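Worksheet: one structure, shown below.
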Amino acid sequence: MNNKIKIGLIGFGRLGEIHARNIILSNIAELSIVCDINTNALNRAKTQYGVNVTADINEFLAYEPLDGIVIASSTSCHLELIDAVSTKGIPIFTEKPIGLTLEQTDKVLQKVVDNEAPFQIGFQRRWDPQYRKVKSIVESGEIGKPILLKTYSRDPNASKPENWGLDKNGGLFLNAGIHDYDISRFILGDEVDRISATGATLIYPDLASVGDIDTCSTTLFMKNGTMAMTECNRYATYGYDVGMEIICTEGIIKIGHERNSSVVVLHKNKKAPSVYDVFADAFSSEIEGFLRAIIEKSPMSPGIEDARIALQLAIKARESYESESKVVIVEPLSPLNIKPE
């Protein structure tokens, strides 16, 4: 294909490398330039893919032509980068969260809207084949009405201490729980009315000194009466572990580890799966979806409102936790200002 769309990538860390590889493997796009402040990262990008590299965001933005930009930088840089990229008016794919407050997030997203830049956020579970199949089963009604959704996300570690802090990654609710809140909305096709959350620091006591936790549980009360219960932790020594079950009026759906015996025991091991192993297909599919939406000029999903609502739920969950699990009402967000046709 000679008319491949040209994509720029900001951030060549672990996830950035995965996005770069998926862009390279796509038959509809090519990776044109990589931006990162880390010299070693730029050297890896140039060596592996022979692409243009720069540590200067202004030089990156001046590179022409680009048909889309993927942002895979650290969380603390998302607001500034989306703000800068939105002025180009070209499609943006970004990892979550956008910002750590709704006020900051909406200010930047309003610029995205004002510049008419198509936008997609990286909630990769929506692109995972298992989760998409679950959604289709729920929508078909073949096992009745959903009553209780239960989901869990267990990470092998709490990241490096230098990355700890609510001001750096938002903490467990915004950094990890946000995925569970989004996938609950996606699977159930409904919005959250009330939310309650609790949490604790059980394994990494130093997290408490920066106001964070390593374990949390959240209950979402959906508007149609369904409940969703989520669990997150940061000490799954046996590897990244994620799963879901939905109890319906006429059956149950389960995804996660194979259940081939009455008791499943998973041990710590050096080759334990990471989130990048578990969701390899989803990471590939979400980038392919972004690229095809650019070519077809079709709506991107999950988009701006999905990003806003998931962040709102994560903030409300933390608010509930900090108020000793008080139930918090989730008010509908005011829409951003959309340009008239």
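The values are calculated or read from the model by the stated rules, or taken from the named source; none is laboratory data. The model shown is predicted, which means the values in this text are computed figures rather than measured ones. With ideal geometry, Cβ positions are generated from the backbone for all residues, glycine too; neighbour counts draw on all protein chains shown.
The table below lists the values:
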item	result
Criterion violated by LYS133 - all others in (1) buried (at least 17 other Cβ atoms within 10 Å of the Cβ); (2) within 23 Å of SER285 (Cβ to Cβ); (3) of a type outside the set (Gly, Ala, Ser) satisfied	(1)
Failed criterion for THR101 (all others in (1) surrounded by fewer than 22 Cβ atoms within 10 Å (Cβ to Cβ); (2) closer than 28 Å to PRO335 by Cβ; (3) touching a helix residue (DSSP H, G or I) at 6+ places or on another chain (Cβ under 7 Å) hold)	(3)
Residue identified as under 20 Å from PHE93 (Cα atoms), in the same structural domain as ILE69 (by TED's automatic domain parsing), surrounded by fewer than 18 Cβ atoms within 10 Å (Cβ to Cβ) and touching a helix residue (DSSP H, G or I) at 6+ places or on another chain (Cβ under 8 Å) among LEU25, LEU31, LEU9	LEU25
The listed residue being modelled with pLDDT of 95 or more, outside the structural domain of ASN175 (by TED's automatic domain parsing) and buried (at least 19 other Cβ atoms within 10 Å of the Cβ), out of THR47, THR94, THR39	THR94
Residue list for the range 161-194, filter: at pLDDT 95 or above and over 28 Å from ALA282 (Cα atoms)	ASP193, ARG194
SER196 vs. criteria over 21 Å from PHE279 (Cβ atoms) and without any contact (Cβ under 8 Å) to a residue 40 or more places away in the chain	no
Wholly enclosed helices (runs of 4 or more DSSP H) of the range 266-328 bearing at least 3 residues within 23 Å of ASP212 (Cβ to Cβ)	304-322
Filter result (surrounded by 17 or more Cβ atoms within 10 Å (Cβ to Cβ) and among the hydroxyl-bearing types (Ser, Thr, Tyr)) within the range 211-257	THR215, SER217, THR218, THR219, THR226, THR230, TYR240
Residue in the range 329-341 that is nearest to LYS107 (Cα to Cα), counting only those that are part of a loop (DSSP other than H, G, I, E, B), more than 22 Å from the chain's Cα centre (by Cα) and in contact (Cβ under 8 Å) with a residue 60 or more places away in the chain	ASN337
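Here is a yes/no grid of residues against (1) assigned to a helix (DSSP H, G or I); (2) within 22 Å of the chain's Cα centre (by Cα); (3) within 15 Å of LYS96 (Cβ to Cβ):
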| residue | (1), (2), (3) |
| --- | --- |
| ARG126 | yes, yes, yes |
| LEU172 | yes, yes, yes |
| ILE187 | yes, yes, no |
| ILE195 | no, yes, no |
| GLY199 | no, yes, no |
